[in-house]
Amino acid sequence: MPKNKEKIWKLINDRKFIRIAGPCAIESEKQLSKTAMAIKNNIDILRGGAYKPRSKPGSFEGLKKEGLKILNKVGKKINKPVVTEVIDTRDVSLISGYTDILQIGTRNMSNFELVKESGRTKKPILLKRGFGSTVEEWLSAKDYILKSGNNKIILCERGIRTFETSARFTLDLAGALIAKNESNLKVIIDPSHATGKKELIGPVAKASKASGLDGIMIEVHYKPQTAKCDAEQALTPKEYNKIIIGL
Ligand code: PEP
Ligand code: MN
């Protein structure tokens, strides 16, 4: 895929509804490649975590540099741009050498040094909303990217914490729409983390599109039962393709 930042940004902007998908974590070349090959006709951007921020110590934290190399290689193989998460300012420069888009996760939206450092790369930034952050705080975080001289920003609503526990998080669709209206940026939805439930991913994806939002990011694994991270919410490629075709 085009390594040029402006070209990638144009590609993103030319899409009416952006489809980002791939595994939660990159586990091996075989795993990413099998997954990517099976969904490549229904994605615009391939995702995969090489550095995973885990809530519980001892969980799989990603293949790190090896994962970056795999992501880069598989992205080229399927001719799609790739996105991966940065969790530490010290890794921003290394990671930007391997990815087209940098993702700031929910746990780091308010890590403003990381946000600024990522912005300075001038690569497109996928800024997830903190699960305990208001829309106003989310939009202020994106101002740090703008202030670093980078206007290539995609916002991603991925669910917030409320008193409700029936889904993994609570999807704030109205908040995503407010963020879009107030920022004039592309705002996408992550139905996988927002719900944590496979059966809700399709309906939430549909609602995102119907409400005029700009895209979705979905976790897919060629063998979900073996996934080292977020296995219960991972779709098979077949399930994913069906959802996308039906949108
Ligand atoms: C992810 O997309 O891999 C991720 C960790 O999501 P979040 O930061 O929304 O939990
Ligand atoms: Mn995940």
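Summed over region 58-84, residues that are polar (S, T, N, Q) and in a loop (DSSP other than H, G, I, E, B) total 2.
For region 221-247, a tally of residues being of a type in the set (A, V, I, L, M) and surrounded by fewer than 20 Cβ atoms within 10 Å (Cβ to Cβ) returns 4. Any residue at all in region 45-61 that is in contact with a strand residue (DSSP E or B) (Cβ under 9 Å, 6 or more places away or on another chain) and away from ligand 1 (no atom under 14 Å from the Cβ)? There is no residue in region 45-61 that is in contact with a strand residue (DSSP E or B) (Cβ under 9 Å, 6 or more places away or on another chain) and away from ligand 1 (no atom under 14 Å from the Cβ). Being within 16 Å of ligand 2 (Cβ to nearest atom), surrounded by 22 or more Cβ atoms within 10 Å (Cβ to Cβ) and closer than 27 Å to K5 by Cα: is that true of I218 here? The answer is yes for I218. Here L71 does not fit the description of being surrounded by 21 or more Cβ atoms within 10 Å (Cβ to Cβ), modelled with pLDDT of 95 or more and more than 16 Å from I26 (Cα to Cα).
Taking residues in region 41-64 that are away from ligand 2 (no atom under 15 Å from the Cβ), and partners anywhere that are among the basic types (K, R) and not in a loop (DSSP other than H, G, I, E, B), the pairs with Cβ atoms closer than 7 Å and at least 6 places apart or on different chains are N42/R19; I43/R19; D44/R19.
For every residue, the table says whether it meets (1) touching an Asp or Glu at 6+ places or on another chain (Cβ under 6 Å); (2) among the hydrophobic types (A, V, I, L, M, F, W, C).
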{"site": "K152", "(1), (2)": "no, no"}
{"site": "C156", "(1), (2)": "yes, yes"}
{"site": "E164", "(1), (2)": "no, no"}
{"site": "F169", "(1), (2)": "no, yes"}
{"site": "L185", "(1), (2)": "no, yes"}
{"site": "A194", "(1), (2)": "no, yes"}
{"site": "K197", "(1), (2)": "no, no"}
{"site": "A205", "(1), (2)": "no, yes"}
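Residues in region 180-194 that are free of Cβ contacts under 8 Å to residues at least 40 places away in the same chain and over 15 Å from the mean Cα position of the chain (by Cα): 3 in all.
When each of I201, I178, I188 is tested for being farther than 19 Å from S55 by Cβ and within 12 Å of ligand 1 (Cβ to nearest atom), the lone residue that passes is I188.
Considering region 195-215, the residues that are in a helix (DSSP H, G or I) and open to solvent by 50 Å² or more (accessible area, probe 1.4 Å) include one that is farthest from ligand 2 (Cβ to nearest atom), namely A210.
The values are calculated or read from the model by the stated rules, or taken from the named source; none is laboratory data. Keep in mind that what you see is a predicted model, and the values were worked out from it rather than measured. Backbone-built Cβ (ideal geometry, glycine too); neighbour counts: all protein chains shown. Accessible surface areas use protein heavy atoms only, side chains included; no ligands, DNA or RNA. Shrake-Rupley method; radii C 1.70, N 1.55, O 1.52, S 1.80 Å.
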